[in-house]
Amino acid sequence: MKSSVNSALFRELPSVDDVLRTPAVAGLATSQGAASVTDAARAVLGRLRDEVGSGRLNQSSLRLALDGVGEAIKEHLGKTLAHSLRPVINATGVILHTNLGRAPLAEAALAHIHETAGQFSNLEFEIEAGTRGRRDVHVDRLFRKLVGDAAASVSTIVVNNNAAAVLLALNTLAEGGEVVVSRGELVEIGGSFRIPDVMAKSGAILREVGTTNRTRVSDYEKAITDRTRLLLRVHRSNFEITGFTEQASTAELVTVAHQHALPLMEDLGSGALVDLQDFGVTGEPSVLDSLRAGVDVVTYSGDKLLGGPQAGLISGRADLVTRMRTNALFRALRVDKLTYAALEGTLLAYVKRDHDSIPALKMMGLTKEEIGKRAESLAAQVRSPKRKIEVIEGESVIGGGAAPSSVLPTRLLALSCEGLSADELAARLRASDPPIVARVEEGRVLLDLRTVFGSQDPLIAAALSRIAP
Ligand SMILES: *Cc1c(COP(=O)(O)O)cnc(C)c1O
């Protein structure tokens, strides 16, 4: 009995070709491509066939579903042809959130990508001479301006990320020889970057000195032999050692290295180009501080405190950087014109002292009063009997391996909703378009507007009104 009902229903299902010929669907092929429309029609009809087969549809519900086939195909196309990489609203208060793409780019950087990447450019071309040029000049010249006279002989090259910068520098300066590092600086960053592992890949031999909590300059001195090629300092990006501690100062390391005619390299990680004390953040040396102190080579990321694209920058003594540039590894790790365009746009903002145009720096500079005002105004728009929303004191985090213990005072929106758990509420925020990513703490959803662009406040208000009645 059932199977004969089913076969009657099956006969009502149109063929893929029938569906493609209907005007609503035929029109889609022009904008979305015939092949993807055919795939979508196949998928939608396949789903209906399964539903008929499992007895979930009767004649009237099948006819209803068939009326909606055009819409279902559109929806299917919308899902399959949508970008996978898409914007989200970062309400976590973590400015440099690796999972959320670290630093958002400055307008000037975006404009420069737009202007140069869709056309040919002089990426590696000397326009005047009409000869082959070098891609690193675009960044090197700006960096020289930033460093000023203090380091006229400083060169800068760019590779794919800071992990690559450390690998290239170690391989160039110390392959087959020893690198002296403090046991307190053998860090792991983000689970996949471990100093001992990168050292091993570079072909250099790790020579650990001191202890986890205390390393004196004499520990470095005692470890230096004729096999030593380099002294390395690594920024403790994501942790701190407190209590009974001692660390050789940069000045002491510079002296020891140079007494032994060895270079000193510093993996700074975050690579700030401004003085972070202006933001109330202490103990985070800037790139320029390290170079001026006499460090020979520094490595740092482009998308952490610098506020630019993913990149690894190596700045330092011109003779050492030249050796890195001629290393075959450099060719494997080099970056694309998009990265150069973004870096040039970002570095120009530094040269012009236009720090506010760099979103990460702008966000760092917001006061809790400014953030609190926006939070109060947002709260007033969405408060309802079932939706409890308060503005409370809290802390934002710089993130991205910068200043692990330095937090910025902020004001948070603390949200709870009758009949919804905090996790459910957070999931609904993530399901909105654009997705809103928040923190959940102590049974409440916390939104930090420090990392939310002002223009996105209304989107948060609208999402809250919609998802939590
Ligand atoms: C972040 C960081 C790295 C890795 O940099 P990526 O640009 O993510 O490759 C390496 N060293 C230190 C000290 C860091 O903070």
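The values are calculated or read from the model by the stated rules, or taken from the named source; none is laboratory data. Quick caveat, the model's predicted, so the values are computed rather than measured. Cβ coordinates were reconstructed from backbone atoms using ideal geometry, including for glycine residues, and neighbour counts include every protein chain displayed.
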Checklist entry - Picking from Ala174, Ala129, which residue would you name as being modelled with pLDDT of 95 or more and under 28 Å from Pro196 (Cβ atoms)? => result Ala174
Checklist entry - Taking the condition in the same structural domain as Glu115 (by TED's automatic domain parsing), touching a Pro at 6+ places or on another chain (Cβ under 7 Å) and over 19 Å from Asp136 (Cα atoms), does Ala342 pass? => result no
Item to check | Out of Glu344, Glu370, Glu390, sole residue that is more than 27 Å from His112 (Cα to Cα) and assigned to a helix (DSSP H, G or I) | outcome: Glu370
Checklist outcome for this item: Within segment 151-181, residues closer than 20 Å to Asp226 by Cα, within 13 Å of the ligand (Cβ to nearest atom) and not in a helix (DSSP H, G or I) come out as Val181
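Quick grid of which residues meet (1) touching a strand residue (DSSP E or B) at 6+ places or on another chain (Cβ under 9 Å); (2) touching a residue at least 40 places away in the same chain (Cβ under 8 Å); (3) crowded, with 18+ Cβ neighbours inside 10 Å:
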site: Leu333; (1), (2), (3): yes, yes, yes
site: Ala342; (1), (2), (3): no, yes, yes
site: Val351; (1), (2), (3): no, yes, no
site: Met364; (1), (2), (3): yes, yes, yes
site: Gly394; (1), (2), (3): yes, yes, yes
site: Ile398; (1), (2), (3): yes, yes, yes
site: Val407; (1), (2), (3): yes, no, no
site: Thr410; (1), (2), (3): yes, yes, yes
Checklist entry - Restricted to segment 237-283, and to residues that are surrounded by 19 or more Cβ atoms within 10 Å (Cβ to Cβ), within 22 Å of Arg317 (Cα to Cα) and not hydrophobic (A, V, I, L, M, F, W, C), which residue is nearest to the ligand (Cβ to nearest atom)? => result Gly269
Checklist entry - Do you know which residues across segment 235-266 are at pLDDT 95 or above and under 23 Å from Ala163 (Cβ atoms)? => result Leu253, Pro263, Leu264, Met265, Glu266
Item to check | helices (runs of 4 or more DSSP H) enclosed by segment 34-112 - at least 2 residues per element that are within 30 Å of Ala463 (Cβ to Cβ) | outcome: 34-53, 69-80
Checklist outcome for this item: If we take segment 257-331, then strands (runs of 3 or more DSSP E) inside it with 1 or more residues that are among the hydroxyl-bearing types (Ser, Thr, Tyr) and assigned by TED's automatic domain parsing to the domain that holds Ser182 are 297-301, 312-317
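Rundown of residues vs (1) farther than 18 Å from Ala111 by Cβ; (2) in contact with a helix residue (DSSP H, G or I) (Cβ under 8 Å, 6 or more places away or on another chain); (3) of a type in the set (Lys, Arg); (4) modelled with pLDDT under 95, yes/no style:
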| residue | (1), (2), (3), (4) |
| --- | --- |
| Ala328 | yes, no, no, no |
| Ala332 | yes, no, no, no |
| Asp336 | no, no, no, no |
| Tyr340 | no, yes, no, no |
| Leu348 | no, yes, no, no |
| Ile358 | no, yes, no, no |
| Lys362 | no, yes, yes, no |
Next on the checklist: Anything in segment 184-236 that is aliphatic (A, V, I, L, M), within 16 Å of the ligand (Cβ to nearest atom) and part of a helix (DSSP H, G or I)? List them, or say none.
Outcome noted: Ile195, Val198, Met199, Ala200
